[in-house]
Structures are given as structure tokens and as C-alpha cells.
Amino acid sequence: MTKTIVWFRQDLRLSDNHALFNACQKGEIIPLFILDESDCPFGSATKWWLHHSLKALHKSLGSLLLRRGDPLSILQSLLNETGAEGVYWNRGYEPHTIKRDTAIKSTLSNDGFDVQSFCGSVVREPWEIKTGSGGPYKVYTPFWKNNLAMGIPLPIAAPSIKLASIATTSEKLDDWELLPTTPDWAKGWEKIWTPGEIGAARNLFEFLQEDIKGYGELRNRPDLPNISRLAPHIHFGEISPRQICASAFKRQREIGEFASDVDKFVAQIGWREFANHLLFHFPDIPTKNWKPAFDDYPWRESETDIKAWQQGLTGYPMVDAGMRELWHTGYMHNRIRMLVGSFLVKHLQIHWNHGEAWFWDTLLDADLANNTSSWQWISGSGADAAPYFRIFNPITQGPKFDPDGKYVRKWCPELSQLPDKLIHRPHEATQLELEAAGIELGKTYPHPIVEHKQARVAALAGYEAVKSAQAAKTA
């Protein structure tokens with residue numbers, strides 16, 4: 001019987017897995033995962049998730065061959081050892097992945113093997129969505145409208161799997177040392193997260209049952225549960241965007257007055273699609289400003305300010321709560337991501353690549369396309385970016401999106417005794433009010449590391465410098 005290696009990557013699921021499905025139609029399969037960190041190393045948080053996701057996939061499949069190293073060498077060896085006739089995988093769109101996969105497909109095909117790749121991590125291939133002039137989209141709204149107009153392809157069911165009997169032994173997952181030990185900074189995460197296809201499906205189901213209602217507005221409230229928390233599951237392909245869209249649209253037909261909330265939710269999948277579209281067509285976006293004009297921005301260098309931001313010690317409660325949530329859970333609410341991002345690049349005038357690097361290491365859903373596109377968006381240098389003059393006020397964002405201070409009190413417990421009117425502005429409290437709340441500014445909680453009005457003026461001056469520099473170049 002025909003044997004095919006199914007090379008799992010960021011598609012750690014059985015359902016709506018086209019590489020797996022097509023391989024199973026041919027005969028027996030050899031499930032394989034290769035840990036390849038040569039070009040794009042995993043962040044510390046994503047390693048934790050990967051460990052648990054691979055355990056879940058092994059359980060679902062009944063067997064999973066693990067290898068670490070150069071994918072081409074590993075595949076060549078396994079094809080010879082097992083007598084497999086080919087290799088199937090689902091495509092990735094990161095620059096290093098495209099380059100690597102193209103070389104592997106060419107080499108193995110020339111050697112006579114059946115090598116096929118499939119669409120598995122996006123709704124549509126990045127090259128399928130084109131503007132009227134035939135080029136890539138640079139603005140999100142028309143991009144996603146075109147996707148919806150074309151129709152979202154339906155997901156496929158999990159196939160019947162026949163595992164090939166092979167003599168080759170697998171490496172041991174524990175030997176990869178993906179989990180932190182000294183110290184175990186991820187202790188307790190297993191109570192918050194359930195990596196794997198089953199956990200992803202449960203997350204989506206529970207979200208669509210109740211928390212989708214009011215999502216259009218309530219998704220901006222970090223103190224409320226109206227978010228899906230699916231990002232890590234999507235990143236590792238434990239659930240596909242097609243599955244999410246299909247389930248969401250099915251629920252939309254059932255919930256009447258809340259139907260518009262589903263559109264808002266699905267639009268978040270659209271942003272992820274847009275990020276992959278941009279990365280495919282503009283592969284330099286992870287390292288270079290998408291708008292070259294921003295190369296002239298007068299960025300500051302301050303390790304002290306970067307560290308204060310990373311540790312949640314900026315003196316602005318909503319910013320600090322977000323950074324602490326990230327450290328303790330590997331996750332941050334999307335509204336808060338925008339706020340902390342704006343604070344770093346606009347209040348502190350620190351280059352967005354410092355923020356991108358920190359998120360890459362600490363976010364469970366760290367994704368090259370999403371991470372870089374979002375950081376460039378908030379800095380003003382990216383495609384369809386936030387206007388340069390849009391500078392979030394870290395004080396007024398608090399009462400607007402955390403009116404009772406519940407979110408801040410959870411992650412900044414040293415401020416918990418402040419009344420609601422002061423929870424987002426402790427530096428405006430009187431000495432008596434601070435003493436009553438057990439707070440000593442500068443000791444138990446920091447003074448603001450930058451004054452908001454002054455920071456706004458400085459940020460705008462920086463953007464004016466960009467405009468002046470560009471004007472001089474074109475004069």
C-alpha cells in the first residue's frame with residue numbers, strides 16, 4: 001500500500017487539513033513534525049504551547065514521528081528508511097518558509113517523489129486576492145470585502161487515518177526541552193489554556209454560545225469575557241480560519257439581533273488574512289518600515305524605558321496591567337495591545353521593532369505576519385496604518401474601557417484599594433488618598449515615566465521631522 005509522509009507544521013489538527021486528507025486518500029500515512037529553528041526561532045512562550053500541542057496531536061493521531069534539524073535532510077532520510085513514495089504538507093507564507101519549501105519540493109520532486117503542498121492556514125491563497133489592476137491589496141477594507149464577495153470556502157472533515165507500520169523510532173518530545181524549568185515562569189498556564197484541536201474547538205463553541213453577543217462593542221473591554229482567546233490555537237493551526245468562519249456564520253443564522261456581532265468577529269479573521277497577504281507580497285515587512293518615510297523618524301534609545309515598559313512599571317495603570325497580563329498568561333487583550341504599542345512607539349518614541357521582539361518572545365500567539373503588521377500599523381509606518389497623529393491617551397483609555405477598574409485591579413493589585421475615579425490616575429491622587437489605599441508612589445507603584453502631554457508633543461514633532469525630511473528629499 002502507498003505510504004505518504006504528512007509533514008505537520010502550523011496545522012496541528014485532523015479536521016480541515018488538506019495535506020492530511022489527500023494523503024489519506026492515497027493510502028497509509030507517516031505523520032511527522034520537524035523542529036526547525038534555523039531561520040525563525042520560536043519564542044519562549046510559543047515553545048510552551050508547541051510542547052502541549054504536539055502531545056495533543058500525538059494522542060489524536062495515535063502516532064507522531066518527531067525529528068529536529070534540517071527538514072530536507074530529515075525528509076530524504078525518512079523517505080529512504082520507510083519506503084514512502086511522497087511528502088505532503090500545508091503551505092506557509094513566511095519568507096524563510098517559502099524559500100525552504102521551494103527548495104525541498106524541487107529537490108525531492110527531481111528525485112522522483114510525489115511532493116504536494118496545500119492551502120491549510122488561510123482562507124484563500126495570498127496570490128488569489130487581487131485589486132482591479134491585478135496587484136496586491138494595501139488597504140484592509142476592500143481586501144476583506146473582496147474575500148467575502150468571493151465566498152469563504154467550507155472546511156473539510158477529518159479523514160479516516162491508516163498509520164503505516166515503520167521501524168523508525170521517534171525522538172522524545174521532552175528531550176527538546178521546550179518547557180521552561182529554571183525558573184518555570186509558565187507555571188499555572190495549563191489551568192488557563194488547553195492547547196490542541198479539542199481545546200480550540202471547545203473555545204470556539206463556548207465563545208459563540210454566549211460571549212459573541214455584544215462582541216461588536218464589548219470586545220474592547222478587557223474586564224469582560226467577550227473575546228474568543230483563539231489566537232494561539234489559530235497560530236498553531238489547531239483550528240483553521242475556514243472552520244472558524246463556517247461555525248461563526250452558522251451561529252449568525254441562529255442569534256438574530258446579535259448577527260452583526262458575528263461580522264465584527266469574522267473581520268478579525270480578515271485582519272489575519274490581510275497580514276498574511278502583506279507578508280507574502282512584501283516580505284521585507286518584518287524588518288523594514290513598509291513606508292520608507294519612517295526611516296527618518298527620530299527614535300530614542302533607552303534601555304531603562306524599555307525595561308519599565310516590559311515589566312509593567314510605566315506608572316500608567318492600563319499599560320502596566322496589559323504588560324503584566326502578557327507576562328503572567330502569555331496573552332494580552334487586543335485593545336490593550338494597541339494601547340501598549342502606542343505607548344512604546346509614541347509616548348516613549350522607541351522603535352516598533354523593540355516591541356515586536358518582546359511580543360515575539362512572550363506571546364503565545366506570536367505570529368510573524370500578525371505581529372509585524374500590527375506593530376507597523378500602530379506606529380504609522382505600515383499598510384493601512386493608524387494615522388500618525390492618533391496617540392492613545394493611556395489615562396482616558398482606562399475609564400473608557402475599564403470603567404470599574406476591574407482589569408487594573410486584577411493585574412496591578414497594589415492599586416486595588418483606590419476608588420474607581422483614581423484607579424487609572426493614581427498620580428493625581430492626594431497624599432491622603434494614597435495613604436488610605438496603602439500606596440507610596442515611587443516605591444509601591446512608580447511615578448509616570450513620561451508625562452502624557454509632553455510625550456504627545458514630542459511624538460508629533462517626530463512625525464513632522466519625517467515629513468520635513470521627505471520634503472527635502474523630493475525638493
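Structure summary
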item	result
Per residue Cα convex hull volume in Å³ - calculated over region 292-474	107
Column: log10 I(q)/I(0), Debye, Cα scatterers of region 3-120, q = 0.20, 0.22 Å⁻¹	-1.21, -1.48
Relative contact order (%) - region 284-350, alpha-carbon pairs under 8 angstrom, separation at least six	31
Cross-link pairs beyond the 26 Å C-alpha cut-off, checked among LYS47/LYS130; LYS130/LYS467; LYS213/LYS406; LYS307/LYS421; LYS213/LYS250; LYS138/LYS467	LYS47/LYS130; LYS130/LYS467; LYS307/LYS421
Amide hydrogen neighbours beyond the local backbone of TYR445, cut-off 5 Å, H modeled	GLU440
Anchor LYS3: lysines whose Cα lies under 16 Å away (excluding residues fewer than 8 positions away in-chain)	LYS26, LYS162
Between 0 and 90°, nearest 10: helix 140-150 axis offset from the chain longest Cα axis	40
Nearest 10 degrees, 0 to 90: helix 259-281 Cα axis against the chain principal axis	70
Rounded to whole Hz, the Karplus (6.51, -1.76, 1.60) HN-Hα couplings of region 416-422, x for glycine and proline	4, 8, 6, x, 3, 5, 10
Debye log10 I(q)/I(0) at q = 0.08, 0.11, 0.14 Å⁻¹ for the chain, Cα point scatterers	-0.53, -0.97, -1.44
Cα shape, region 223-339, gyration tensor, a/c 1.5 rule	oblate
The chain: angle of helix 71-82 to the longest principal axis, Cα-based, in degrees nearest 10	30
Point-charge dipole on Cβ atoms (K/R +1, D/E -1) for region 84-193, about Cα centre, debye to 20	640
Amide H partners (placed H, <5 Å) of VAL115, local residues excluded	VAL87
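Every number here is computed from the coordinates shown, using simple stated rules; none is lab data. Because the structure is a prediction, the values reported are computed rather than measured. Methodologically, a virtual Cβ is constructed for each residue, glycine included, from the backbone with ideal geometry; neighbour enumeration extends over all protein chains shown.
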